[in-house]
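The values are calculated or read from the model by the stated rules, or taken from the named source; none is laboratory data. Here the structure is a predicted model, which means the values were calculated and not measured. Note: ideal-geometry Cβ built from the backbone for every residue, glycine included; neighbour counts use all protein chains shown. What goes into the accessible areas is simple: the full protein's heavy atoms, side chains included, and nothing from ligands, DNA or RNA. Shrake-Rupley method; radii C 1.70, N 1.55, O 1.52, S 1.80 Å.
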Amino acid sequence: MAARSILHGIHLWPRTLRARLFVILLAGLTIAHAMSFAALFSERYIAARSVMFNTLETDVATSIAILDRLPATERAAWLGRLERGSYRFVLGRGLPGSRVLNEADAEVADKVRAAIGAKYPIEVESIPGGVRRLQVHLRLIDGEPLTIDITPRGVMPVADWLPYVLVAQLSLLVLCSWFAVRQATRPLADLAKAADTLDPNSRAPRLSETGPREVAYAATAFNAMRDRIAQYLEERVQILAAISHDLQTPITRMKLRAEMAEASIERDKLITDLDEVERLVKEGVAYARSAHGKDEKASRIDLASFIESLAYDYQDTGKAVTVAELGDGAIVTRPHALRRILTNLIDNALKFGGSAEIEVQRRPEGTVTIKVLDRGPGIPEDQLEAVLQPFFRLEQSRSRDTGGTGLGLAIAQQLATVIGGSLTLRNRDGGGLAAELSLESSTVSMKQWNSLAL
């Protein structure tokens, strides 16, 4: 626990599951590989060391026996033949040195002493200098001094290609660890992405139910959950539609009876209340059905003509709706859903601002932006997202002229999601509200469309 707290404190522990699994797996494989390499190297070191000392004992004993039997005049000629890579023979006393030996030099001296035997008393000295060097002094049978000059080398030299092999092995470990972690976490990432973008009414492909048993089971359970949610939403729409249908008849009868009654203030209030109930029922059903806007087929429309026609409809009824900026071109979308979105935004602007202004812009990346602007009181910054939720009203009254039902913007926001766009609200400089509908780049200009048609 303490180590884990330290890692979190210094931010060394990765935050993603993929990175954590990768670090754990790579660290485990690297440590296991290092332990295997250390064990193999140690075993080779011990074996090579044993072979080296055995060879040293045999060669030294044989060489001294040869020199001892040769005439003194012929010994110098044999020195070159008896020389080896780590030691050579010198006729004479040799160089002065220190008789204080370290552990490694003492071991070499013991091996030489064991090889020569008690027949030749020896003295071993360490020769000072930058290179490790020993000299063994003894006398042959005829009394001539002989020196064995030993320069111990590494027991097991490392091949030049070994570092490249180690780098290749480490690279292979990294690649295999990455691949294993990717295979293990990719289904989880797909599941998280599907859950984050869950839309039971969309025609997005279902999660693949193949792969390991656990992954296939999780995908099957998620697809089944998605189907159940879609079924529940459909049942909600059917229930609201049935309620609306069943309420229409008694509401109509009540309105007829109220209209047939004698004119009075109470009768007018009753008719107003009945109109409010009827409107609430219709808008509730409209919100429920807005989630199923994808039942409408997409078609190509001329966006400029579409916006102008919508503005003219409002102008014919005396409403202050103008088009300030209008880009040309065509767009592939669901026109009835788009009309309902813009109608709700324009109605909201007229209710609170008295007028509405429409702007259409095409951005360089191909996105189409439709703005509905007003000069009303605007919305507090901390409630710009809340007003897009159903039944949320800044004005808590139930008057149609002030509070409304709280469903207009919610329906617009839900339909915007259905047609693949996004709706955002922001306050304008100088007062007022800007409702911005952004549609993805499924657009084509009129000239391009005509050229494709030809």
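Tabulated data
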{"read-out": "Set Ala219, Ala230: member being under 30 Å from Ala195 (Cα atoms), at pLDDT below 80, out of contact with any Lys or Arg (no Cβ under 6 Å at 6 or more places or on another chain) and surrounded by 15 or more Cβ atoms within 10 Å (Cβ to Cβ)", "value": "Ala230"}
{"read-out": "Identity of the residue in the stretch 39-75, open to solvent by 80 Å² or more (accessible area, probe 1.4 Å) and more than 60 Å from the chain's Cα centre (by Cα), that ends up farthest from Asp142 (Cα to Cα)", "value": "Thr58"}
{"read-out": "Members of the stretch 26-38 that are open to solvent by 70 Å² or more (accessible area, probe 1.4 Å) and among the polar types (S, T, N, Q)", "value": "Ser36"}
{"read-out": "Any hit, the stretch 344-362, residues being of a type in the set (S, T, N, Q) and surrounded by fewer than 16 Cβ atoms within 10 Å (Cβ to Cβ)", "value": "yes"}
{"read-out": "Any hit, the stretch 94-110, residues being open to solvent by less than 60 Å² (accessible area, probe 1.4 Å) and of a type in the set (Val, Ile, Thr)", "value": "yes"}
{"read-out": "Flag for Ala61 being touching a Gly at 6+ places or on another chain (Cβ under 9 Å), free of Cβ contacts under 8 Å to residues at least 60 places away in the same chain and not charged (D, E, K, R)", "value": "yes"}
{"read-out": "Residues that are among the hydroxyl-bearing types (Ser, Thr, Tyr) and at pLDDT below 75, drawn from the stretch 154-205", "value": "Thr197, Ser202"}
{"read-out": "Residues of the stretch 78-111 that turn out to be closer than 22 Å to Ile66 by Cα and either of a type in the set (A, V, I, L, M) or without any contact (Cβ under 8 Å) to a residue 40 or more places away in the chain (or both), as a count", "value": "12"}
{"read-out": "Residue ID - least open to solvent (accessible area, probe 1.4 Å), chosen from residues in the stretch 76-93 that are outside any strand (DSSP E or B) and closer than 15 Å to Thr62 by Cα", "value": "Leu82"}
{"read-out": "Residue count for the stretch 324-352, restricted to those that are β-branched (Val, Ile, Thr) and assigned to a loop (DSSP other than H, G, I, E, B)", "value": "0"}
{"read-out": "Members of the stretch 314-323 found to be part of a helix (DSSP H, G or I) and in contact with a strand residue (DSSP E or B) (Cβ under 9 Å, 6 or more places away or on another chain), listed by number", "value": "Tyr314, Gln315"}
{"read-out": "Only one of Gly378, Gly421, Gly406 that is modelled with pLDDT of 85 or more, over 32 Å from the mean Cα position of the chain (by Cα) and open to solvent by less than 70 Å² (accessible area, probe 1.4 Å)", "value": "Gly378"}
{"read-out": "Residue selected from the stretch 353-375 under the condition in a loop (DSSP other than H, G, I, E, B) and hydroxyl-bearing (Ser, Thr, Tyr), by the criterion modelled with the highest pLDDT", "value": "Ser355"}
